[in-house]
Amino acid sequence: QVQLVESGGGLVQAGGSLRLSCAASGRTFSSYAMGWFRQAPGKEREFVAVISGGTYLTDYAEAVKGRFTISRDNAKNTLYLQMNSLKPEDTAVYSCTAKSTSLLALRRGGGDYWGQGTQVTVSS
């Protein structure tokens, strides 16, 4: 069982930056692929970024490539998402997710565990 708690969301102007954090419980954090998804009002949840457990392989949605950076600190059981050059279309609830199997599987459908989400609002 893995529990995930996000923090770091808020209101920011376009062009600004935010750093999201996701604190995970459990002793096997490093063995999980981790990711971020987001859901805007009236839209389906969409993939943002993923990172593998031990090798730190990453993958991003085209919409955020070059602006967002996913990282993790296995010693602190924490996942991060650094978001730069934010745009109004980045406004959404951002949720972290964990999966004990492949990074690709997580990218396609999300993980087995989810946090409650944190709101990110970008004003124009």
Which value, in Å², gives the accessible area per residue of the chain when a 1.4 Å probe is used on the protein heavy atoms? 51
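Identify the GluC sites (Glu not before Pro) of region 1-65 meeting these criteria: DSSP loop state and at most 16 other C-beta atoms within 10 Å of the C-beta. Don't skip to the answer; put the middle values down first.
Values: sites: E6, E44, E46, E62; in loops: E44, E62.
Counting only loop positions with at most 16 other Cβ atoms within 10 Å, the GluC sites (Glu not before Pro) in region 1-65 are E44, E62.
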Over all directions, the average projected area of the alpha-carbon convex hull for region 51-124 comes to how many nm²? 5.4
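Chymotrypsin sites (Phe, Trp or Tyr not before Pro) within region 17-122: which are DSSP loop residues with at most 14 other Cβ atoms inside 10 Å?
Numbers: sites: F29, Y32, W36, F37, F47, Y56, Y60, F68, Y80, Y94, Y113, W114; in loops: Y32, Y56.
Those that pass, being in a loop and sparsely packed, are Y56.
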Going by accessible area, probe 1.4 Å, with all protein chains left in place, what is the ranking of K76, K65, largest first? K76, K65
Relative contact order of the chain, defined on C-alpha pairs under 8 angstrom at six or more residues apart (%): 36
How large are Rg and Dmax for the chain when only the alpha carbon atoms are used, in Å? 13.3, 42
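The values are calculated or read from the model by the stated rules, or taken from the named source; none is laboratory data. Just so it is clear, the model here is predicted, and its values are computed rather than measured. Neighbour counts run over all protein chains shown; Cβ positions are idealised from the backbone, glycine included. The area values use the complete protein model at the heavy-atom level, side chains included, leaving out ligands, DNA and RNA. Shrake-Rupley method; radii C 1.70, N 1.55, O 1.52, S 1.80 Å.
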